[in-house]
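Chemist: Provided herewith is a single structure, encoded as structure tokens, for subsequent inquiry.
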Amino acid sequence: MTAESALMVISVLESHGVHACIGGGWAIDALLGEQTREHADLDIWLPAADLDPMIMAFSEAGIDRLLHWGGDRPWNFVVHDGRSLRVDLHHSDLLGDKVFQSANAPPNGCSPKAESLATVFIRW
């Protein structure tokens, strides 16, 4: 997945009111300020409540297929366009007192405050 493709996916999501948090390799590259390697996909975390607008955004971008992946769960799955766009989705929720909880975190795992999560923008 190219940097331009990753930016397009994020832009389409934002145009539908979905503010995703970038993770994985693209997040590391954003923090470093440069692309360090090729990326097969874009990892994003977003609130479970944004599922409907996310589907509309992905449909607009041509991302309309599930990629069957061995570790898929209802809250973590991969979608793609059949060519070069592949997005690894991770859904999460805000619990009471603005505590962020990833759906795949262990029950006694880390649940940081939502305001402690940084926002990073990829610009090349």
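Chemist: Quick check: anything in the stretch 88-102 outside any strand (DSSP E or B), modelled with pLDDT of 85 or more, crowded, with 16+ Cβ neighbours inside 10 Å and on the phi < 0 side of the Ramachandran plot?
Modeler: no
Chemist: On to the next question. Out of all the residues in the stretch 61-76, is one or more surrounded by fewer than 18 Cβ atoms within 10 Å (Cβ to Cβ), of a type in the set (Asp, Glu) and at pLDDT 90 or above?
Modeler: Within the stretch 61-76, none of the residues are surrounded by fewer than 18 Cβ atoms within 10 Å (Cβ to Cβ), of a type in the set (Asp, Glu) and at pLDDT 90 or above.
Chemist: All but one of (1) within 18 Å of ARG83 (Cβ to Cβ); (2) more than 14 Å from the chain's Cα centre (by Cα) hold for MET56; which doesn't?
Modeler: Checking MET56 against (1) within 18 Å of ARG83 (Cβ to Cβ); (2) more than 14 Å from the chain's Cα centre (by Cα), the one that fails is (1).
Chemist: Given the conditions (1) in a loop (DSSP other than H, G, I, E, B); (2) modelled with pLDDT of 85 or more, which single one is not true for TRP124?
Modeler: (2)
Chemist: Where residues in the stretch 10-42 are in a helix (DSSP H, G or I) and in contact with a strand residue (DSSP E or B) (Cβ under 6 Å, 6 or more places away or on another chain), which of them is farthest from LEU85 (Cα to Cα)?
Modeler: Taking the candidates together, the pick is GLY24.
Chemist: Report, by residue number, each residue of the stretch 39-49 that is surrounded by fewer than 16 Cβ atoms within 10 Å (Cβ to Cβ) and within 12 Å of ALA6 (Cα to Cα).
Modeler: Listed by number, the list holds a single entry, ALA40.
The values are calculated or read from the model by the stated rules, or taken from the named source; none is laboratory data. All values reported here derive from a predicted model rather than from experimental measurement. Note: ideal-geometry Cβ built from the backbone for every residue, glycine included; neighbour counts use all protein chains shown.
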